[in-house]
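Notes follow the structure.
The values are calculated or read from the model by the stated rules, or taken from the named source; none is laboratory data. A quick note: this is a predicted structure, and the numbers were derived from the prediction, not measured. Note: ideal-geometry Cβ built from the backbone for every residue, glycine included; neighbour counts use all protein chains shown.
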2 protein chains.
Amino acid sequence: MGVVVNMDGSHPEKKAPSVDLLVELTKADIAKVNQHIIDNMQSPVALIPQLAGHLIAAGGKRLRPMLTLAAAQMCQYTGSRHIGLAACVEFIHTATLLHDDVVDESDLRRGRESANAVWGNKPSVLVGDFLFSRAFQLMVADGSLPVLKILSEASAVIAEGEVLQLMTANDPEATEEAYLEVIRSKTAKLFAAASRIGAVVAERSQKEETALDSFGMNLGIAFQLIDDVLDYSAKQAELGKNIGDDFVEGKVTLPIILAWRRGSAEEREFWVRTIENLDQKEGDLEQAIALMEKHNTLSDTIDRAKHYGSMARDALGIFPNSDAKSALIELIEFCIHRAH
Amino acid sequence: MGVVVNMDGSHPEKKAPSVDLLVELTKADIAKVNQHIIDNMQSPVALIPQLAGHLIAAGGKRLRPMLTLAAAQMCQYTGSRHIGLAACVEFIHTATLLHDDVVDESDLRRGRESANAVWGNKPSVLVGDFLFSRAFQLMVADGSLPVLKILSEASAVIAEGEVLQLMTANDPEATEEAYLEVIRSKTAKLFAAASRIGAVVAERSQKEETALDSFGMNLGIAFQLIDDVLDYSAKQAELGKNIGDDFVEGKVTLPIILAWRRGSAEEREFWVRTIENLDQKEGDLEQAIALMEKHNTLSDTIDRAKHYGSMARDALGIFPNSDAKSALIELIEFCIHRAH
């Protein structure tokens, strides 16, 4: 690849990776997906569209539906089934967010008050159930058993991952493998399923389905690793989330797992007190971040994410070059670059 | 029908309707359903079978799966698909129970501590999600889109009903129609779906599907009405449930709706204080029951249940006589007789 040199002879700043290309490529389709979502979250029970709309209309990146749309495009799909299925993916995602916020007792989501903070836990649980059921209704309307198989399995794995996370919570001695198992299930599986569906609607080979599954899985892992880094980073505030949420909840993520493994006996006592016993006081979050910096665990978590990002990129190797492929590759870079 | 006269000339006590015939007819199938349930609630995440097993193994009547099994039998189905689908129905039911107990903050279920009381709300929400997803996986494995359509629609309607109940809770001025809409959705819809599936697997006509749907719907309404009466009856303790749970939660059921409509201004103040404002003191439950007895609202609710029971019975009119049909008709009588 040639090096671009400006007219004055200087090297230009390398442009930061962005989702602009992906957004541009899927713009028309996403508008249809959004309409599909709005049409299908309606119910004579007024609270359902109110509560669902609070979360869905709040935006979010529509990252998962964009995966389905771009994957279908990369597979040269020309039909319209990917619209409804992308909406299903977002419904499933939204349902898990609603239940997550109840389980995590979060009060912020996408930069605004979470649904459970506004309406309480009860409607959040039940509207989550509704959206989940509605997602299956939409899949049934689509009529493809292979798609139903992919998304029902993904849903079961997501729930398994959430329970696993609950069971391994507050244990700073958790292994990196156990942590990876949690994020594969609770986050990456839906990325994998969303991507794979693009190949299914386009009736591509099993090999291409598997490649897209692998792309989504590894992208999802990288995405979640960076998310976990961001929870301790100054950039977090920009995303409309609280800083140190994971710490306050005693959620064990890779930056903590590595800090525990690399830490002294005294440092491990700090982690046991703050994470295992949730006995936290003023200045503990700062101390936690200082220990992470001492042991480079934030930057090493980013390196781990880069590894999965590379796997995601290589998984796409069997597809010929196209705008959609370029957009998906830039998405990987964007997900990782968020941490910088 | 002739009158049986004993040898000594006395009339024997009319035998109380029971589920014995239904249980006997579905015994072999239910054993397979139970095995199917146990096999499919397994997960490498240990808490899932523990928590699900707590509820599922606790027994329960397996009423809904029995509907599928008996309906299939009445439709002379000879295959084995009804086993897996009956398990799906029970999984969906169990998932909604888990979420219900979280929403209702119940501490008893089927005579033992509820899952949320033992493990807390978080795993109950997530294991409910898992069972729900697993139900869809099992349906996908069965491979019938019509069945998937019936059960995904039922699931959405159940969730809608639960949200509707939440919105109309604590309003003693709610109409009988609004209340019926809630119980049609949250309870009767799954009875209808479970029954209908029996005709679907047997590949019976649309007319027979509809008849079984109507049977299940009306049976479900009758069942829930009696359940609501039982919450104020001495028989309740035998079922291992608290007496007056609905009252304490301010849940507006038909016995209260009728008492409000038939009550004096002073009595309505009592309902507003206890149900709408949840300002309850010692002796209020007894006073509530006294008002219900004064206005015959418990016995009139039983009469309403009998009306729906009759509709359920007549819906089965198009099926020729058979043991399965007799068992289903006796089930209707049993459901209503529970209140006596």
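Residue-wise test of (1) part of a helix (DSSP H, G or I); (2) modelled with pLDDT of 95 or more; (3) more than 24 Å from A:Val19 (Cβ to Cβ); (4) β-branched (Val, Ile, Thr).
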position: A:Gly59; (1), (2), (3), (4): no, no, no, no
position: A:Gly79; (1), (2), (3), (4): no, yes, yes, no
position: A:Leu85; (1), (2), (3), (4): yes, yes, no, no
position: A:Val102; (1), (2), (3), (4): yes, no, yes, yes
position: A:Val140; (1), (2), (3), (4): yes, yes, yes, yes
position: A:Leu148; (1), (2), (3), (4): yes, yes, yes, no
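So in the stretch B:119-138, with the set limited to residues that are more than 8 Å from chain A (Cβ to nearest Cβ) and closer than 20 Å to A:Gly143 by Cα, which one is surrounded by the most Cβ atoms within 10 Å (Cβ to Cβ)? That would be B:Ala135. So for the stretch B:38-46 (the condition being within 14 Å of another protein chain (Cβ to nearest Cβ) and in a helix (DSSP H, G or I)), does at least one residue qualify? The answer is yes, given that some residue of the stretch B:38-46 is within 14 Å of another protein chain (Cβ to nearest Cβ) and in a helix (DSSP H, G or I).
Looking only at residues of the stretch A:198-213 that are of a type in the set (Asp, Glu) and within 13 Å of A:Met74 (Cα to Cα), we find that the one that is surrounded by the fewest Cβ atoms within 10 Å (Cβ to Cβ) is A:Glu203.
For the criterion of being among the small types (Gly, Ala, Ser) and either more than 14 Å from chain B (Cβ to nearest Cβ) or without any contact (Cβ under 8 Å) to a residue 60 or more places away in the chain (or both), A:Ala52 fails.
The residue pairs whose first member lies in the stretch B:201-224 and is touching a residue at least 12 places away in the same chain (Cβ under 8 Å), whose second member is of a type outside the set (Gly, Ala, Ser) and not in a helix (DSSP H, G or I), and whose beta carbons are closer than 7 Å, counting only pairs six or more residues apart or on different chains, are B:Val201/B:Tyr77; B:Ala202/B:Cys75; B:Ala202/B:Gln76; B:Ala202/B:Tyr77; B:Arg204/B:Cys75; B:Glu208/B:Cys75.
Applying the set (1) more than 23 Å from the chain's Cα centre (by Cα); (2) closer than 27 Å to A:Ala154 by Cβ to A:Ile275 leaves exactly one unmet item: (2).
Residue under question is B:Asp231, and the condition is that it be free of Cβ contacts under 8 Å to residues at least 60 places away in the same chain and either within 14 Å of chain A (Cβ to nearest Cβ) or surrounded by fewer than 23 Cβ atoms within 10 Å (Cβ to Cβ) (or both); does it hold? Yes: the conditions hold for B:Asp231. The lone criterion from (1) buried (at least 24 other Cβ atoms within 10 Å of the Cβ); (2) farther than 22 Å from B:Lys61 by Cβ left unmet by B:Phe223 is number (2).
In this structure, is A:Ala31 of a type in the set (Gly, Ala, Ser) and not in a loop (DSSP other than H, G, I, E, B)? Judged against the criteria, A:Ala31 is a match. For A:Asn170, indicate whether it is within 14 Å of chain B (Cβ to nearest Cβ), farther than 22 Å from A:Cys75 by Cα and outside any helix (DSSP H, G or I). For A:Asn170, the condition - within 14 Å of chain B (Cβ to nearest Cβ), farther than 22 Å from A:Cys75 by Cα and outside any helix (DSSP H, G or I) - is met. Scanning the stretch A:173-189 for residues that are away from every other protein chain (no Cβ under 12 Å) and either in a helix (DSSP H, G or I) or surrounded by 23 or more Cβ atoms within 10 Å (Cβ to Cβ) (or both) turns up A:Glu176, A:Glu177, A:Tyr179, A:Leu180, A:Ile183, A:Arg184, A:Thr187, A:Ala188.
If you scan the stretch A:197-222, which residues turn out to be part of a loop (DSSP other than H, G, I, E, B) and in contact with a Ser or Thr (Cβ under 9 Å, 6 or more places away or on another chain)? Even if it seems obvious, please write down each step before you answer.
Kept after step one, since they are part of a loop (DSSP other than H, G, I, E, B), are these residues of the stretch A:197-222: A:202-205.
Matches in the stretch A:197-222: A:Ala202 only.
Would you say B:Ser322 is of a type in the set (Gly, Ala, Ser) and over 22 Å from B:Glu177 (Cα atoms)? Yes, satisfied. Return yes when B:Ala194 is in contact with a His (Cβ under 7 Å, 6 or more places away or on another chain), part of a helix (DSSP H, G or I), away from chain A (no Cβ under 13 Å) and crowded, with 24+ Cβ neighbours inside 10 Å and no when it is not. Spelling it out, it is not the case that B:Ala194 is in contact with a His (Cβ under 7 Å, 6 or more places away or on another chain), part of a helix (DSSP H, G or I), away from chain A (no Cβ under 13 Å) and crowded, with 24+ Cβ neighbours inside 10 Å. Would you call B:Leu126 at pLDDT below 95 and either charged (D, E, K, R) or under 28 Å from B:Thr301 (Cα atoms) (or both)? Judged against the criteria, B:Leu126 is not a match.
With the structure loaded, tell me whether B:His99 is touching a Gly at 6+ places or on another chain (Cβ under 6 Å) and in contact (Cβ under 8 Å) with a residue 12 or more places away in the chain or whether it fails that test. In short, yes.
Residues in the stretch B:141-154 that are surrounded by fewer than 23 Cβ atoms within 10 Å (Cβ to Cβ) and either without any contact (Cβ under 8 Å) to a residue 24 or more places away in the chain or at the interface with chain A (Cβ under 7 Å from one of its Cβ atoms) (or both): B:Gly143, B:Leu145, B:Lys149, B:Glu153.
How many residues does the stretch A:61-77 contain that are more than 18 Å from A:Lys189 (Cβ to Cβ) and either among the β-branched types (Val, Ile, Thr) or in a helix (DSSP H, G or I) (or both)? The number of residues fulfilling the criteria is 5. Condition first: more than 7 Å from chain A (Cβ to nearest Cβ) and small (Gly, Ala, Ser). Now tell me which residues in the stretch B:155-167 satisfy that. Within the stretch B:155-167, B:Gly161 is the sole residue that qualifies.
Screening the candidates A:Thr78, A:Thr96, A:Thr26 for the property of being buried (at least 22 other Cβ atoms within 10 Å of the Cβ), among the β-branched types (Val, Ile, Thr) and more than 14 Å from chain B (Cβ to nearest Cβ) yields one hit, A:Thr26. Note on the stretch A:260-283: residues that are under 14 Å from A:Val248 (Cα atoms) and part of a loop (DSSP other than H, G, I, E, B) total 7.
The residue pairs whose first member lies in the stretch B:166-190 and is at positive phi, whose second member is surrounded by fewer than 19 Cβ atoms within 10 Å (Cβ to Cβ) and in a helix (DSSP H, G or I), and whose beta carbons are closer than 6 Å, counting only pairs six or more residues apart or on different chains, are B:Asn170/B:Glu276. Among residues of the stretch B:277-290 that are small (Gly, Ala, Ser), those with a Cβ under 7 angstrom from a residue that is surrounded by 14 or more Cβ atoms within 10 Å (Cβ to Cβ), sequence gap 6+ or separate chain, pair up as B:Ala288/B:Phe247; B:Ala288/B:Thr274.
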